[in-house]
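S.K.: Here it is: the structure, laid out below.
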Amino acid sequence: MRFHLPSLGSLAALVLLSVPATPHPAAAEEVTLLVPIVLSAPGAKGSYFVSELTLANRGAGTAAVELEYTPAFGGGAGVVRETLGPGRQLVIEDAIDWLRRRGLAIPEEGANGGTLQARFSGLTSSGDAGAVARTTTAVPGGRAGLAYTGLGAGLTKASCLCALRQNDTDRSNVALVHAGAPGSGEIVLRVTVYDSVWKGESVRLPDVRLQPGGFHQISGILAGAGYASGYAKVERLGKAPYYAYAVINDQVTSDGSFVPPVVPDVFLYGGLSLTLPAVVDVGGFQTEVIVTNTGGASPTLTLTFGADSLTTPDGTTSVPLKINRFEQVVIPSFVSWLREQGAPGLGPPGTPHAGALFVTGAYVYDLVVGGRTWIPGGGGRYGLFYRAIAERETFAGSAWLYGLRQDPENRTNLAIVNTGEKDTTTDSFRIELFDGETGLAAGTIESLAVAAKRWRQLDRVLQTAAPGVRQGYARVTRVSGKNPFLAYAVVNDGGAPGERSGDGAFVPPDRECAFTVLVTSRTYGPTGGAELTQVSTTQDCPFTAESSVSWLRVTEGASGSGGRQVKWVVDPNSSTSSRTGELTIAGKRIPVTQLPNAPGPYDGTWTGSTSHGLPVGFRIDRNEVKEVTIGLDVWVGNACHVQGPYKLPGS
């Protein structure tokens, strides 16, 4: 196509001509993970909490990591940059001190803590990044605390935080986080607290307003409501995503159990079953089970415990549980309770059991089921919390576990559960272990068999299968079988059983998620417009789509799981100045520019001709193409001759 133009200027920036394709390397991927809190701060009962941070790049290329710290208390906001080589995992023992030594003006004294946005770029795949924080306090003989992973997507729907309690043994705090991108605007979070026994009333707390990266803690949340046991519902007012979590602390040891949020939603979770990964009564360890009904129905559930130690023919035992609407039931020692209910196959008291719990029945989507496994120690208790997983959240391919440790102060156990949700057959697994310091494969466990509705744990997995590796990560892959599975790790204080405090921190699995977002940067005229893109993913992986500005609105696909369309609308710009914003879709940041409603440098009518002498042209007015003229001379079949210039509306 030949254009005859009065003045080229920089018009080339607006006109794209078709040229032969040139091969390009695959675009590097990026993703942002939100670590909800890192801190160095005193707590109740003389405790002092310090956060360890683990960053992982399991991909084949070098990744750049930009860590943006937003203080909730203390000070020292800023950005620190790090590089992670292929397959590497970086363990930072004291995140706050590390940020300070890297140049952030965080005070040396007093309490310091805040949120951390970890932006990975240069990834081979958007699913190659991982982050785990482990926050602990000193206790007699060692340390005790909890672990939590970096978030690839925040929440947009109402969520529940369950298993809360306030008594002589435990205390509970709730934390709220603005999980949106910089510039995404203020959100308001509304927290309502419910008693464990529904009496027709609840306590609504004052609204919490947060800016992007903001953090707020509600200490002793049940004490203010006058409840000894209960749960909290968190609702969002605003457009940006949020995150919420709870921590249950032992009143003596201050050991914490991390309680993640759950969104009770039939469309999000689906299925008619929940799987609680572990229930034990062995070696002094006990599991407390908490069942919370957030809905208005009062179903009778079936609780099925599966373990190799049971003497029933299929290795399972079941009992019913009636739970009233809006009720929370706490079963302090679940195996003992099963025995009291007359469940068969358990044997006499003192018989060791370790297995998984499966919850079925109507209205499962309204339930939140959690487990808290503990052992006496330090004058109080040490333990950890984990929630039951819905059928749609289970795994069928691979799961990744980061932050594994084996050294004089730490050891790691790895466990797998075959949910038995498809049939009664055995699943077989391959576990690949990687050295985080070198990025190299360090060991493999082949053909690990786990029967349906069974739990299997590998103690000190690094020491056993990858001797000499001090810190690393694992990939768990189902190689045969049809049943979904769960995998998790527990990092214990002490290099061997009986050493240090023995306290465990639960590390949940990360999906092998990779997202493809085809759209890149976008520029719009002053009248705005609508657009969509297709997001594809390797598994049923969750992601969010959000905007950093009010005039750029996501209208479809703001949250959910799996591949889907994301649509957005750009409002008209009445200003004589251009404006910029940003879309973040599945962790990919997309710059958006809107031109001003003003005369532009390319206003005018542009004409030209094709190589066959047919006329072409377009008219630009106030930074937008208003009209396109195309010359046609074509035959349709043998009888219809289409000839002449045709005008099409622009924009």
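A quick yes/no check of all residues on (1) without any contact (Cβ under 8 Å) to a residue 12 or more places away in the chain; (2) within 19 Å of Asn293 (Cβ to Cβ); (3) small (Gly, Ala, Ser); (4) surrounded by 19 or more Cβ atoms within 10 Å (Cβ to Cβ):
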| position | (1), (2), (3), (4) |
| --- | --- |
| Lys322 | no, yes, no, no |
| Phe326 | no, yes, no, yes |
| Val330 | no, yes, no, no |
| Ser336 | no, no, yes, no |
| Glu340 | yes, no, no, no |
| Gly347 | no, no, yes, no |
| Thr351 | no, no, no, no |
| Asp366 | no, yes, no, yes |
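S.K.: Exactly one condition in (1) open to solvent by less than 30 Å² (accessible area, probe 1.4 Å); (2) at pLDDT 95 or above; (3) out of contact with any Phe, Trp or Tyr (no Cβ under 9 Å at 6 or more places or on another chain) is not met by Ser184; state its number.
M.R.: Condition not satisfied by Ser184: (2).
S.K.: Tell me, which residue of the stretch 493-509 that is assigned to a strand (DSSP E or B) and of a type in the set (Gly, Ala, Ser) is farthest from Pro261 (Cα to Cα)?
M.R.: Out of the qualifying residues, it is Gly504.
Residue by residue, here is whether (1) open to solvent by less than 10 Å² (accessible area, probe 1.4 Å); (2) within 29 Å of Ile92 (Cα to Cα); (3) under 14 Å from the mean Cα position of the chain (by Cα) holds:
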{"residue": "Ala138", "(1), (2), (3)": "no, yes, no"}
{"residue": "Gly145", "(1), (2), (3)": "yes, yes, no"}
{"residue": "Gly150", "(1), (2), (3)": "no, yes, yes"}
{"residue": "Ala158", "(1), (2), (3)": "no, no, no"}
{"residue": "Val174", "(1), (2), (3)": "yes, yes, no"}
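S.K.: Do you know which residues across the stretch 292-308 are in contact with a Gly (Cβ under 9 Å, 6 or more places away or on another chain) and open to solvent by 50 Å² or more (accessible area, probe 1.4 Å)?
M.R.: Of everything in the stretch 292-308, those that are in contact with a Gly (Cβ under 9 Å, 6 or more places away or on another chain) and open to solvent by 50 Å² or more (accessible area, probe 1.4 Å) turn out to be Thr300, Thr302, Asp308.
S.K.: Please work out which residue is farthest from the chain's Cα centre (by Cα), limiting yourself to the stretch 556-581 and to residues that are modelled with pLDDT of 90 or more and not in a loop (DSSP other than H, G, I, E, B).
M.R.: Among those that are modelled with pLDDT of 90 or more and not in a loop (DSSP other than H, G, I, E, B), it is Arg579.
S.K.: Can you say whether Asp510 is under 30 Å from Ser273 (Cα atoms) and either more than 22 Å from the chain's Cα centre (by Cα) or open to solvent by 20 Å² or more (accessible area, probe 1.4 Å) (or both), as far as the supplied structure shows?
M.R.: Yes: the conditions hold for Asp510.
S.K.: Further question on the same structure: Do you know which residues across the stretch 76-104 are among the aliphatic types (A, V, I, L, M) and either open to solvent by 20 Å² or more (accessible area, probe 1.4 Å) or part of a loop (DSSP other than H, G, I, E, B) (or both)?
M.R.: Answer for the stretch 76-104, where residues must be among the aliphatic types (A, V, I, L, M) and either open to solvent by 20 Å² or more (accessible area, probe 1.4 Å) or part of a loop (DSSP other than H, G, I, E, B) (or both): Ala77, Val79, Leu90, Val91, Leu104.
S.K.: Where residues in the stretch 398-434 are without any contact (Cβ under 8 Å) to a residue 60 or more places away in the chain and farther than 30 Å from Asp314 by Cα, which of them is surrounded by the most Cβ atoms within 10 Å (Cβ to Cβ)?
M.R.: That would be Leu433.
S.K.: What about Ser126, is it in contact (Cβ under 8 Å) with a residue 60 or more places away in the chain and open to solvent by 30 Å² or more (accessible area, probe 1.4 Å)?
M.R.: So Ser126 fails the test.
S.K.: Against the definition (small (Gly, Ala, Ser), without any contact (Cβ under 8 Å) to a residue 40 or more places away in the chain, more than 29 Å from Thr149 (Cβ to Cβ) and surrounded by fewer than 18 Cβ atoms within 10 Å (Cβ to Cβ)), how does Gly379 come out, yes or no?
M.R.: Spelling it out, it is not the case that Gly379 is small (Gly, Ala, Ser), without any contact (Cβ under 8 Å) to a residue 40 or more places away in the chain, more than 29 Å from Thr149 (Cβ to Cβ) and surrounded by fewer than 18 Cβ atoms within 10 Å (Cβ to Cβ).
S.K.: Hey, does the stretch 481-492 have a residue that's out of contact with any helix residue (DSSP H, G or I) (no Cβ under 7 Å at 6 or more places or on another chain), without any contact (Cβ under 8 Å) to a residue 60 or more places away in the chain and not in a loop (DSSP other than H, G, I, E, B)?
M.R.: no
The values are calculated or read from the model by the stated rules, or taken from the named source; none is laboratory data. All figures in this text were calculated on a predicted structure; none of them were measured in a lab. Here the Cβ is made from the backbone with ideal geometry for all residues, glycine too, and neighbour counts use every protein chain on show. The area values use the complete protein model at the heavy-atom level, side chains included, leaving out ligands, DNA and RNA. Shrake-Rupley method; radii C 1.70, N 1.55, O 1.52, S 1.80 Å.
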